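The values are calculated or read from the model by the stated rules, or taken from the named source; none is laboratory data. Please read these numbers as outputs of a predicted model, since none were measured by experiment. Here the Cβ is made from the backbone with ideal geometry for all residues, glycine too, and neighbour counts use every protein chain on show.
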Amino acid sequence: MNNIIVHSKFISYSAAISKAISDFETSGVTVLKGNRNTIKSLKIEGLHLNIKQFKTPNFFNAFIYKYIRKSKARRSYEYGTILTQKSILTPTPIAYFETFSWFGLKQSYYVSQHLAYDFDFRVLIHDLKFPNRVEILKQFTAFTFKLHEQKVNFLDHSPGNTLIVKTSEDNYDFYLIDLNRMRFETMNLKKRMHNFRRLWMSKTMIHIMSKEYAALSKTPFSKIQSEMLRYSRQFQKKINAKKLKRSGRKMAFKTPN
């Protein structure tokens, strides 16, 4: 059984989108080939699409995604639609496709409009001399504040999941991607600062961003900075500990008897 939902604005492309998904393995240009997901870019009838194929779920998750929880593709489409309604930028949601067996979900795809972006948040971490870096960090902070005010808790708020488009000399637009993990809820200060933790910020970045967030939220700078720093460092220590553990396992495996 197949299930395809196409946004009303793109309903005339339904047949072409279905064919593009059916031909996914042999058509389009591969943008990302990961262990979990694959993204391809292609044009159909003048419309430039990105199609994300999610990893085939295991036996347990296949059942969950059919009977208990929405698939990642469906959540991506529905959350993207909600963001658009809230005037939060994301590549335009177009469709999602699911195929099921009697037992559960077999495969799923999320279709969005291709976005020609200039860079993503990661460059601001690695290139300390990136042009207009401080201003971009301030505007990104304002963007995140808008998310929080709009009751959007983006659980995957990480460096690779914000695409940035330069619109003029000193202005930038921010687009969210990888949308399937999100909550729509009122966020207190703890949740707001916790939401910054995955961005892998340096102390200098935290200083810039916490100062901007404090001004926007009318909260004491020292409180914002200390909480943002605390959650950020907790997350970094956790990730580094995992890397060290994996490295230790590899070393143990290679050690001769």
For this session: Take the range 7-40 and flag every residue that is part of a helix (DSSP H, G or I) and over 17 Å from His114 (Cβ atoms).
Result: Ser8, Ile11, Ser12, Ser14, Ala15, Ser18, Lys19, Ser22
Problem set entry | Lys166 vs. criteria in a helix (DSSP H, G or I) and either hydroxyl-bearing (Ser, Thr, Tyr) or modelled with pLDDT of 95 or more (or both) | no
Problem set entry | Selection count where residues are within 30 Å of Met205 (Cβ to Cβ) and not in a loop (DSSP other than H, G, I, E, B), scope the range 89-127 | 8
Exercise. Out of curiosity, is Ile94 within 28 Å of Gln150 (Cα to Cα) and surrounded by fewer than 17 Cβ atoms within 10 Å (Cβ to Cβ)?
Worked result: no
Exercise. Out of the residues in the range 188-227 that are in contact (Cβ under 8 Å) with a residue 12 or more places away in the chain and not in a helix (DSSP H, G or I), which is farthest from Ile125 (Cα to Cα)?
Worked result: Thr219
Problem set entry | Which numbered condition Tyr65 fails, given (1) surrounded by 20 or more Cβ atoms within 10 Å (Cβ to Cβ); (2) touching a strand residue (DSSP E or B) at 6+ places or on another chain (Cβ under 7 Å); (3) not assigned by TED's automatic domain parsing to the domain that holds Lys19 | (3)
